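FYI, it's all coordinate maths here, none of it is from the lab. A quick note: this is a predicted structure, and the numbers were derived from the prediction, not measured. When we count neighbours, we look across all protein chains shown, and the Cβ atoms used for this are built from the backbone with ideal geometry, even at glycine.
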Amino acid sequence: MDIPDYPHRRHNPLTDEWVKVSPHRTKRPWQGQQERRDEEEIPSHDPKCYLCPGSSRSGGVKNPDYTSTFAFDNDFPALLPDTPAGEQDASGPQGLLKMRSERGRCRVICFSPRHNLTMARMNSQEILKVVQLWREEYLTLGSESYISHVQIFENRGEVMGCSNRHPHGQIWAEELIPDIPLKELTQQEHYYLQHGSGMLEDYLSYETEQGSRMVYANSSWAVVVPYWATWPFEVMVLPYRRAASLAELTDREQTELAEALRVLCIKYDNLFLTSFPYSMGIHQAATGDRQFQGTHMHLHYYPPLLRSAEIKKFMVGYEMMAMAQRDITPEQSARRLAELPEIHYTQEGFHAD
Ligand code: H2U
Ligand code: ZN
């Protein structure tokens, strides 16, 4: 019996959760002609956009006339640096109800002064500036004594609830390590203590040799559809060397990360000939006293699209109540992404097969 052809579940060793795979439900999920969706003309500068150079933001602060990247404190931060410390001893029956105050800082980072760009249409040099900014922000925020974790993320596209199309991301730096990174750091440390090597290092060696889930690689980075991927076209971007954080990346690794992200974002746009939505997040070393062994930094990309620019995978019903589920297998997704051209569909020289 060939398990991958039948309904099965796969284990995610980073989170210790399972995902259900139902490959029989979609033999050919990408059959049918794609409609090329040319974006309506979007200006490179929008005076009404609060992220554009020279614009006024809520609260009246004016953005500088920045020419590359730009970071600022979020005007509507979810966390505040000066919240008084406090832990309310568990109350309620058997101490069931717990509460803690939490301090932190929220930042917004603009990837480019150009309102109508996305990473898929930025060049490697421009993307490198974003990588360098992520790294600086991680170092600066992480060096604050009370900050234990720096979450860098990007929420792209209207279907993801992104409020503004200007290319940007966010950073939430906080006192306590959030649940998902904490789980991944703990799982990696357990593996390291048990085996004496990094979980993702070993995993990547296996994937490189095995090949069926590789999307792209250069000499420092790989883009892989994880064996345990949940979202239809989810990928993980990770360095071959077990760098714990952006802080540890060499110049060459930073340059090659920019190139890997450029190619990935182009492939994503080419998949459904649309500006591809996703949530991206960087998982890396915690920045507080508690350090975890075996940490291998990586980026997760979770795109919601399933079959076209309009047809999206919903994580509802069974997924909300029981566990994650997917139809198309990670191997099918990886093959599809790997075969896509590295020239953007709006550029001359693009050929869809
Ligand atoms: P999203 O599009 O990913 O939601 O990010 C936009 C962020 O920008 C959001 O967190 C902030 C919002 O709080 N913002 C400002 O900091 N200043 C503004 O003038 C408007 C929006
Ligand atoms: Zn703008």
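Being in contact with a helix residue (DSSP H, G or I) (Cβ under 8 Å, 6 or more places away or on another chain), of a type in the set (A, V, I, L, M, F, W, C), surrounded by fewer than 19 Cβ atoms within 10 Å (Cβ to Cβ) and within 20 Å of residue 281 (Cα to Cα) narrows it down to one residue among 128, 139, 79; which is it? Don't jump to the end; show me each part of the working.
On the way: 128 fails: surrounded by fewer than 19 Cβ atoms within 10 Å (Cβ to Cβ); 79 fails: in contact with a helix residue (DSSP H, G or I) (Cβ under 8 Å, 6 or more places away or on another chain).
After ruling out the rest, the residue left standing is 139.
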Top-ranked residue of segment 309-353 - restricted to ones that are among the charged types (D, E, K, R) and in contact with a Ser or Thr (Cβ under 6 Å, 6 or more places away or on another chain), ranked as surrounded by the fewest Cβ atoms within 10 Å (Cβ to Cβ): 331
Subset tally (residues that are surrounded by 20 or more Cβ atoms within 10 Å (Cβ to Cβ) and either acidic (Asp, Glu) or within 16 Å of ligand 2 (Cβ to nearest atom) (or both)) for segment 142-155: 1
Residues located in segment 57-70, provided they are within 14 Å of ligand 2 (Cβ to nearest atom) and either surrounded by 12 or more Cβ atoms within 10 Å (Cβ to Cβ) or small (Gly, Ala, Ser) (or both): 57, 63, 66, 69, 70
Checklist (1) within 19 Å of residue 301 (Cβ to Cβ); (2) surrounded by 21 or more Cβ atoms within 10 Å (Cβ to Cβ) applied to residue 199, failing item: (1)
Total residues in segment 156-184, condition within 15 Å of the chain's Cα centre (by Cα), away from ligand 2 (no atom under 16 Å from the Cβ) and assigned to a strand (DSSP E or B): 2
Hits in segment 235-256 - residues which are within 16 Å of residue 214 (Cα to Cα) and surrounded by 21 or more Cβ atoms within 10 Å (Cβ to Cβ): 235, 236, 237, 238, 239
Odd one out for residue 280, checked against (1) in contact with a helix residue (DSSP H, G or I) (Cβ under 8 Å, 6 or more places away or on another chain); (2) buried (at least 20 other Cβ atoms within 10 Å of the Cβ); (3) not in a loop (DSSP other than H, G, I, E, B): (1)
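A quick yes/no check of all residues on (1) of a type in the set (D, E, K, R); (2) in contact with a Lys or Arg (Cβ under 7 Å, 6 or more places away or on another chain):
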{"site": "71", "(1), (2)": "no, yes"}
{"site": "87", "(1), (2)": "yes, yes"}
{"site": "97", "(1), (2)": "no, no"}
{"site": "101", "(1), (2)": "no, no"}
{"site": "107", "(1), (2)": "yes, no"}
{"site": "117", "(1), (2)": "no, no"}
{"site": "124", "(1), (2)": "no, yes"}
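Take the conditions within 23 Å of residue 254 (Cα to Cα) and in contact (Cβ under 8 Å) with a residue 12 or more places away in the chain and apply them to residue 157. Does it pass? If you could, list the steps in order and put the result at the bottom.
Values: within 23 Å of residue 254 (Cα to Cα): no; in contact (Cβ under 8 Å) with a residue 12 or more places away in the chain: yes.
The answer is no for residue 157.
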Number of the condition not met by residue 134 [criteria: (1) in contact (Cβ under 8 Å) with a residue 60 or more places away in the chain; (2) closer than 16 Å to residue 167 by Cβ; (3) over 25 Å from the mean Cα position of the chain (by Cα)]: (3)
Residue within segment 72-83 that is under 30 Å from residue 134 (Cβ atoms), of a type in the set (A, V, I, L, M), within 16 Å of ligand 2 (Cβ to nearest atom) and under 28 Å from the mean Cα position of the chain (by Cα) present: no
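Going by what's in this entry, would residue 54 be described as more than 16 Å from ligand 2 (Cβ to nearest atom) and either surrounded by 12 or more Cβ atoms within 10 Å (Cβ to Cβ) or assigned to a loop (DSSP other than H, G, I, E, B) (or both)?
Criteria not met by residue 54.
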